[in-house]
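Notes follow the structure.
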Amino acid sequence: MTTLSDTDLFEHLRMATPDAGVAFTELYRRHHHWAYAYCLKVLGREEEAKDVFQETFIRVYRTAPQSDNPVTNVAGLIMRVCRNLCLNVQRDRKTTVEIEDVHLVVDTHHHYEKDELLDLIDAALDCLDAEDREVFVLRMYHDISYDEIARQTGLTVAAVKNRVWRAKSRIKVLLAPVLSEFDRL
């Protein structure tokens, strides 16, 4: 099964063939890393990310036999399910943090390692609006084109570009005190 395309593997699921379980396992093996990374970056909470990640693959497996037509972009299907589940979690959360209320602690006595800087970026991501965070993660972490993000989110390309720019700008503002410390070191 490892030599089959994603489309062929999904077809085994859709047709509920005897090899459907093996086909699903192979699809999971191919796509689980990026799907979990997406959930974690968008939701920012490990437990929620794990739950959404698992539910994504459960839904793909359960709904495949209900699909009337072959799926040509399996990764896109997984992303769409994943995205919709993440949006549901974010909608149900309904808690916000004002950017003005966030304070980053700057330690001027130590050099920040790459991992520490990434942690700070993750903290800044948590401060973004859910819509801005989503398109930023899709563009910057998953290198998805503006056109594809627009199709997935139902936004215009211009709106996607604007949200990515706005997210970058907010992250720069939030990280400015830390980055100025780097310049002094």
Per the list (1) modelled with pLDDT of 80 or more; (2) over 14 Å from the mean Cα position of the chain (by Cα); (3) over 30 Å from PHE10 (Cβ atoms), residue check on ASP107 breaks on (1)
Counted residues in segment 1-35 being closer than 17 Å to THR56 by Cβ, of a type in the set (A, V, I, L, M, F, W, C) and touching a residue at least 24 places away in the same chain (Cβ under 8 Å) come to 7
If a residue must be under 11 Å from the mean Cα position of the chain (by Cα) and closer than 16 Å to ASP92 by Cβ, how many such residues does segment 40-51 contain? 4
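The values are calculated or read from the model by the stated rules, or taken from the named source; none is laboratory data. Owing to the predicted nature of the structure, the values given are computational and were not obtained by experimental measurement. For neighbour counting, all protein chains shown are included, and Cβ atoms are generated from backbone atoms with ideal geometry for every residue, glycine included.
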